[in-house]
1. Where residues in the stretch 116-149 are more than 16 Å from TYR43 (Cβ to Cβ) and among the β-branched types (Val, Ile, Thr), which of them is modelled with the lowest pLDDT?
2. Select from the stretch 114-130 the residues that are under 16 Å from VAL55 (Cβ atoms), within 58 Å of the chain's Cα centre (by Cα) and either part of a loop (DSSP other than H, G, I, E, B) or aliphatic (A, V, I, L, M) (or both) and list them in ascending order.
3. Quick check on the stretch 107-126: of everything there that is touching a Lys or Arg at 6+ places or on another chain (Cβ under 6 Å) and surrounded by 11 or more Cβ atoms within 10 Å (Cβ to Cβ), which residue is farthest from VAL79 (Cα to Cα)?
4. Hey, can you tell me all the residues within the stretch 89-105 that are surrounded by 13 or more Cβ atoms within 10 Å (Cβ to Cβ) and at pLDDT 90 or above?
5. It is to be established whether one or more residues within the stretch 305-319 are at pLDDT 75 or above, surrounded by 10 or more Cβ atoms within 10 Å (Cβ to Cβ) and of a type in the set (A, V, I, L, M).
6. Search the stretch 66-88 for residues that are assigned by TED's automatic domain parsing to the domain that holds THR124 and pair each with any residue that is among the hydroxyl-bearing types (Ser, Thr, Tyr) when their beta-carbon atoms are under 6 Å apart and the residues are at least 6 apart or on different chains.
7. Applying the selection to the stretch 98-121, what residues are within 20 Å of THR37 (Cβ to Cβ) and of a type in the set (Asp, Glu)?
8. Six or more apart or on different chains, Cβ atoms under 9 Å: show the pairs whose first residue is in the stretch 25-46 and farther than 15 Å from GLY63 by Cβ and not assigned by TED's automatic domain parsing to the domain that holds THR105 and whose second is modelled with pLDDT under 85 and in a loop (DSSP other than H, G, I, E, B).
Amino acid sequence: MRVSNETKVGALTVIAVFLIIFGFNFLKGKTFFKSGTFVYAKYADTKGLIVSNPVFVNGFQVGTVFEIENINDNLSELVVCIKLNQLYKIPKNSIATIQENPLGTNAINIIPGKSTSMIMSGDTIQSAPATSLLGDLMNELSPVGEQIKNTITALEQVLGNINKTLDDGNRQNFKVILENLSATTINLNKSIQSIEGMVDQQNGSIAKTADNLNLFTANLNQNNQKISNILSNLDSTTKSINDADLYTTIKTIQSTLIALNTTINQLNNGNGTASKLLNDPAMYTQLQSTVKSVNTLVDDIKVHPKRYINISVFGKKDKRTPLTKPLSDTLDHE
């Protein structure tokens, strides 16, 4: 039995169409025969999730979305069937969330739990409200935005205070201050230049001073032996002084000074003859009067010797008036 060419073309066309439909569904992750490892997650909103969207655990793709079904007619609860590439060890208390990506493909992100029991094929995994990359980014940037907002507010207040402070009068004052500061800077530069000139002029003097210092140091080195001898002699002199009974001598001098002070105090404050001679005016007056009388008597003896010597051989006794005061030459001698 021969098959016509038309039959062959028709059969090949049917087979090609079947392969195209099967391949398209296979690429989408959907097969005609439901076999493999499947887990389920329930959501109130799938956020545009479609079949063949990837499923990740810790950033690693473990499967794809196999199908999405509604449980009731009002679409209040939707069940997402996840086909795993193999039976991974995913704890039962893990949470599946829908990760929105406005710039790419949405995906399901499974956050592993801490349970020791693992999910088996056909189990329902816990779910959480959908999140988005943009939402996460905004959540991260929200505190920063609040800080920026507060900073801008504070900056506005500072600028407002500056504007209030810098009125016309204060602006003029600041202008004067800046002009004075500029003049001060110019004067300071001139002073620095003057100092530099003085330093340049004094370079010769500084060099000479350094040379003199070197010469002085050289002289010290040359006379080092002499200096050592002088220090040795000084040390010997000091030792001799230490060996002498200097302490006893000082104590003797102190005792002598104490006795001398006692004598002087007695002369100044005592009742003896020496003290009266020094301190009693009446004693001085009497002594002076006595000396005067003695001088008068001596002068009278000189002038009238016959009055005191009664031997008369050739003349008679001198009856002239005796002296009442010393002669002028005696007074001069006094």
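1. So the residue we want is VAL144.
2. ALA128, ALA130
3. SER115
4. If the condition is that a residue be surrounded by 13 or more Cβ atoms within 10 Å (Cβ to Cβ) and at pLDDT 90 or above, then ILE90, PRO91, LYS92, ASN93, SER94, ILE95, ALA96, THR97, ILE98 are the ones that fit.
5. Checking the stretch 305-319: not a single residue is at pLDDT 75 or above, surrounded by 10 or more Cβ atoms within 10 Å (Cβ to Cβ) and of a type in the set (A, V, I, L, M).
6. LEU78/TYR43; LEU78/THR46; VAL79/TYR40; CYS81/TYR40; LYS83/THR64; LEU84/THR37; LEU87/THR37
7. Listed by number, the list is empty, since nothing qualifies.
8. Taking only residues 6 or more apart or on different chains, the pairs are ASN25/THR31; ASN25/PHE32.
The values are calculated or read from the model by the stated rules, or taken from the named source; none is laboratory data. Since the model is a prediction, treat every value here as computed from it, not as a measurement. So basically every Cβ, Gly included, is an ideal-geometry build from the backbone, and we count neighbours across all protein chains shown.
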